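Working notes for the structure below.
The values are calculated or read from the model by the stated rules, or taken from the named source; none is laboratory data. The model shown is predicted, which means the values in this text are computed figures rather than measured ones. Backbone-built Cβ (ideal geometry, glycine too); neighbour counts: all protein chains shown. All accessible areas refer to the heavy atoms of the entire protein, side chains included, with ligands and DNA or RNA removed. Shrake-Rupley method; radii C 1.70, N 1.55, O 1.52, S 1.80 Å.
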Amino acid sequence: RTQKFLEMMLNKQPNIVVLCDGVRGKFINTTGLDFFGYTSSERFFRDVECVSYKFLPENDYFHLAEMAEESEDKNWIDVFLQRPKEERHVAMRSAEGELRIFYASIQSLPDPSLYIVDYIDVTESINTRDKLQDKLNQDNLTHAFTRHYFENEINAILNGITARGLTA
């Protein structure tokens, strides 16, 4: 009875909510099932095993290929939580093929091997941020790069040179 109540509460959430152990999924709410085009958690996890297999290598968003650089004994959540909070984004494609960007919030449960992962769709915010960044970096009329762009780029180049032990 309590489990059914908790499932009902999670199914009312507007975000994708997943219960997992970092390797295998245990539950995905109806928002997630709708997004991926499934009708039940059992079928979804039989086909996919873990939502992390749906992460796409887009831009600087977290994906499983980063795991190759990490120790074999860590699950994706251990590696993901090492990232700064502002870099905890993943890209996933909907059942309709639409690319969406999610902020992933992870909480451990009293059972130390279980986590609840809340995927918050931030696609519109990311797109708005990128458009504003483009306006800041490029003149609308001439399409020439702005002074702001050059100041940021020259600093990044100089920092890269310094990090390699070279001088500019």
*If you go through segment 87-107 one residue at a time, how many are under 9 Å from the mean Cα position of the chain (by Cα), in contact (Cβ under 8 Å) with a residue 24 or more places away in the chain and open to solvent by 40 Å² or more (accessible area, probe 1.4 Å)?*
1
*Taking segment 108-156 as the search range and keeping residues that are in a strand (DSSP E or B) and not hydroxyl-bearing (Ser, Thr, Tyr), which one is least open to solvent (accessible area, probe 1.4 Å)?*
VAL117
*Under 6 Å by Cβ, and 6 or more places apart or on different chains, what pairs join a residue from segment 26-37 that is open to solvent by 10 Å² or more (accessible area, probe 1.4 Å) with one that is in a helix (DSSP H, G or I) and not small (Gly, Ala, Ser)?*
THR30/ASN11
*asked:* Just to verify a result, which residue in segment 58-82, among those that are open to solvent by 40 Å² or more (accessible area, probe 1.4 Å), of a type outside the set (Asp, Glu) and more than 24 Å from LEU33 (Cβ to Cβ), is modelled with the lowest pLDDT?
replied: SER71
*Are there any pairs with C-beta distances below 8 angstrom linking a residue in segment 1-16 that is under 17 Å from ILE120 (Cα atoms) to a residue that is assigned to a helix (DSSP H, G or I) and of a type in the set (Phe, Trp, Tyr), with the two at least 6 apart or on different chains, and if so which?*
ILE16/PHE35
*Select from segment 116-143 the residues that are touching a helix residue (DSSP H, G or I) at 6+ places or on another chain (Cβ under 6 Å) and of a type outside the set (A, V, I, L, M) and list them in ascending order.*
ASN137
_Residue count, segment 110-128 (criterion: in contact (Cβ under 8 Å) with a residue 12 or more places away in the chain and not aromatic (Phe, Trp, Tyr))_ = 10
